[in-house]
Every structure is written in structure tokens, then in C-alpha cells.
Amino acid sequence: MAERSRSSRRCAVAVNPQCRGSRGGVGVDRISGLANDLLGHILSFVPALEAVRSSALSRRWRRAWTHTPDLKISDELHQDRFLDFARAVLAQYGAPDIPSLNVTIGCRPNLGPATTAWLCDAMARVVGSICVEMDRYSLDQLVLPRSLQAKAMILNLSANFYEKPLLIFPEPPEAAAFGRLAELSLSNLKLQIYGFGEFLSSCFPQLRKLHLRNVCNATGKQGLWPLILHMDMLEELKVDDVFQLMLLQVVAANLRLLTVSHCFKSLAALTTDTLVKISAPRLEVISWSGRFPKQLNFLTDVRCVRRLSGLLVYWPNILTIEYSLPDVVQFLETCSGADQLDVCVHIPDGWNPSMLAREDDDDKTEAAKPSQGQECDPWQPPKDQMQLGSLREIRISGFVGTDPEMELANLLFGVGAARPALERISISSFAQLSDRMDRIALKMKARFPFKGGRWETSQWGEITWTKNIDGL
């Protein structure tokens, strides 16, 4: 009996968190003494399944997960009973409004109509941010709720680039259905509204960030469709792989960042008079990759643009004879006030400048012929081109030192390129070619012996030219 009593006392000491010393003991359970909001914040960093399992720790933790501000629901750990679990989580959550909801689905059986119905109900309760992402497969379709309280929404409805589920908006939408949404990102999906831009402009009055990636439209002749945005609050617009786009028209008084990537590459777009019209008096950064439209018009002064990035020049491609340099030059002329320029130039292996002058029966070589019957060097632009007078820094990566690359360097900062504000040139190669950098540096110094600055090679193999402080 005495032995049993000593055992009970030992057990009592073991479960009492306040009875052990700091050496070899448990000490005070300070975490359980935190407020519900703090416990919920801690549990917001783990998946919802683990947060729910914390209820087994003690009575204090039994419903702590219902106060988490960020619900992370995934079918990774319970593929067979995902929907039952997801429904139970929403039913037992401690408040009618959910601050943040992140849903990741990667199992095909969980992508049916029942899941989309649950998603619609769950999204309607979110007041902060919504993130829905497919991990391995594609959702059949998603119908948005008639109204949203959320301020930010990210939808990635397919893990397959070629499968685009349908995103269905409510029709007719309520007047303030999406009035709180400030950030919207849509990826890997198909739209069912031809006038999607007009729909956003009228129903999303507070939208500040809009990202569209790998998006197409299910309506329109030959799949071609316009994106017309009149949004005073819009500050950031990114359109990436938006298929069959024939018109991009943006009127946004507060737009600061514009990114356009590979939106005019389809065969239908090539045979159509594609047009981009931008009215954004506060535009500061433009990132452009891929083909340009047939017409690119800036309706407001773009001298406020300080940075140009994403430009990718395919130096005359041998297979398609795609000569994109004139479009890039015209674009640079339009935004001549930029002081930061990022350009990626792709030069095919084995190409040399003489290939531009080769005789070929293919009429695509017309772009390589001199204009108006005058002799011209394709590597040396006329004096009225490429005048980026405020350009301060040029960086070239992946430089090997071939003759075409040296001619490209001559185009960028050679004798014929006026760069009065240029302060620094940085040239780097590949790690495997680090032993060649000394020879490349000697070649650069001999070809471009600029006054008022000095060429140097760093210990990491980077070649730099830096303007002297006094300019002499």
C-alpha cells in the first residue's frame, strides 16, 4: 500500500508542470498559459490536420486550433477522407469569419463537384486571403461565390500547363460582390467571360494588384479576346502567357508596374492586328518578354519609367529568321528616360554576323535587308537609335567573348553608342569558363579603351568598368 502511494506521488509529480526544477525537469508550461489568440497564431504555421491533433495534448489545447488565423488544409496526409475532414474543420472553426484560408489538393479523387462546392462555401467565409492550389492534377471547374469578403485571392486551378479548368463568375454579380478585393492572382485556368476586363473594372473597384498567368478565354472567335481595364486603383499588372490576346488596353492612373510576358505568340495572334494601349502617367517599371504586338501605344508620357526589364532579344534566329531587334529598339526609344535596363540576348550557337547578308529564297529574310536601298551594318544602329542618355549601368551575364558577343557589346557601349551617364559595366561568364576571364578582360580592354574609367577583374571572375569619380 505504501509502495502504491509512493508511485502515485511520483506520477503526480510527473504531470504537474510546476513541480520540477530547471535541472532535468520540465519546468513551467509557459506555452499553455498563453492567450487563445497567441496559441492560434502558433498553430497557424502547421497544417490544419496537425493543428487539430494538438487538441490531444491537454484540456487547455482542446480547441486552441479554432483560433488560428491561417487555416492550411491539404489532402496530403488524409487523401481518402479529405472532404470529410475539410467540412469538419469549417464546421468547428471558432468564428463565422476565417482570416486566411490555404487549400492544396493533389489527389485526383478529391477534385470532384463535392470539393468545388465545399470550396465555394469556404471562400465565402474568408475575410483576409484565399489561396487555392492544385498540386498534381486539375480541378474540373470552380464556381466563385456570389460575393467575397476577402481582400486577396490566389487561384491556381491546374498543375498541368495544358489543362485549364473553367473559372465561373456569378452572373449577374451583385453591386458590391467583390468590392473588398485588393489583390487577385489567377493561374492555369480558362475564363468564361468575353469582356473579362470590363467585368473586373466594374466589380473590383479596389483592386490594386492583378496577376494573370497561363490564362485563356473560352469565348470569342478563334479564341481571340480583348483585355480592357479601366481601374483607377490598379498599381501592379502582370500578364504572363495570356493566350490569344488581341487587345490589351489599360487606363490606370496609379499603375506603377506593368509586366507582359509571351502574350502574342499564338498563330492566331500573328495573323491579327494585335494592339496594346497603355495610359498610365505614373508608370515606373515595365517588364516585357516575348513578341511585341503589331502596335504598341503609350497614350501618356512614359518618361517617368525608370526601369525596363525582362527584354529578351533572339538575335536573328537561324530556324525562323525571327528578327526582333527593331521592335526592341523602338521600345527602348519610347522609354528613353529609363536609368536601369535588363536585356537578355540569345545568340544561337555557330551564328555570325555574315549570316544576315546571306542570299536565301525564303521571303522571311526581308527583315535582314537594308532599308531604302542604303547600305547598313545590322550591328551598328543609326545615330538616332539606342540613345539611352540616362543609362547608368549595364550588366551582361553568360558572356563567352565570341565575335557576335563582342559586336553586341559594341552595340551597347561602343564608340557609336552615346552613354554620357554610364557609370558601371559588369560582365560575367559561366563558372566552368572562369579560366578564360583573364583573356576576355584583355580583349575588352583592347576593344573598348574608354577614357574616364578603368577595367578591372574581380577575384570571382567578373569584369567591370567603373567610371572615375572625377570623370577623367
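The values are calculated or read from the model by the stated rules, or taken from the named source; none is laboratory data. What you are looking at is a predicted structure, and each value in this text was computed from that prediction instead of being measured. Glycine also receives a Cβ, built like all others from the backbone with ideal geometry; neighbour counts cover every protein chain displayed. Each accessible area value is taken on the protein alone, full model and side chains, heavy atoms only, with ligands, DNA and RNA left out. Shrake-Rupley method; radii C 1.70, N 1.55, O 1.52, S 1.80 Å.
Highest mean packing comes first when the peptides 31-37, 226-232, 398-404 are listed by Cβ atoms within 10 Å, giving 226-232, 398-404, 31-37. With the whole protein complex present, ASP438 retains an accessible surface near 100 Å², based on a 1.4 Å probe.
How much length is gained on full extension from SER434 to SER58, taking 0.36 nm per residue of separation minus their Cα-Cα distance?
129.4 nm
The length gained on full extension between SER279 and PHE161, counted as 0.36 nm times the residue separation minus their Cα-Cα distance, comes to 39.3 nm.
A Förster radius of 41 Å, combined with the Cβ-Cβ distance separating ALA253 from ALA88, puts the computed FRET efficiency at roughly 0.30.
Summarising the label geometry, the points placed 7 Å from Cα in the beta-carbon direction at TRP460 and GLN340 lie 1.7 nm from one another. When +1 charges are put on Lys and Arg Cβ atoms and -1 charges on Asp and Glu Cβ atoms, the dipole computed for the range 170-319 relative to its Cα centre reaches about 420 debye.
Residue separation of ALA176 and GLN206 scaled by 0.36 nm, minus their Cα-Cα distance, works out to 9.7 nm of gained length.
In terms of overall dimensions, the C-alpha atoms belonging to the range 247-297 reach 33, 17, 11 Å along their principal axes, ordered largest to smallest.
Note on ILE154 and ALA218: the model spin-label points, each 7 Å out from Cα along the C-beta direction, lie 2.6 nm apart.
The ARG108 and GLU423 beta-carbon pair, evaluated with R₀ = 56 Å, returns a calculated FRET efficiency of approximately 0.50. Based on the Cβ-Cβ distance from HIS78 to GLU198, what FRET efficiency comes out when R0 is 41 Å, to the nearest 0.05? Computed FRET efficiency for HIS78 and GLU198 comes out at 0.45.
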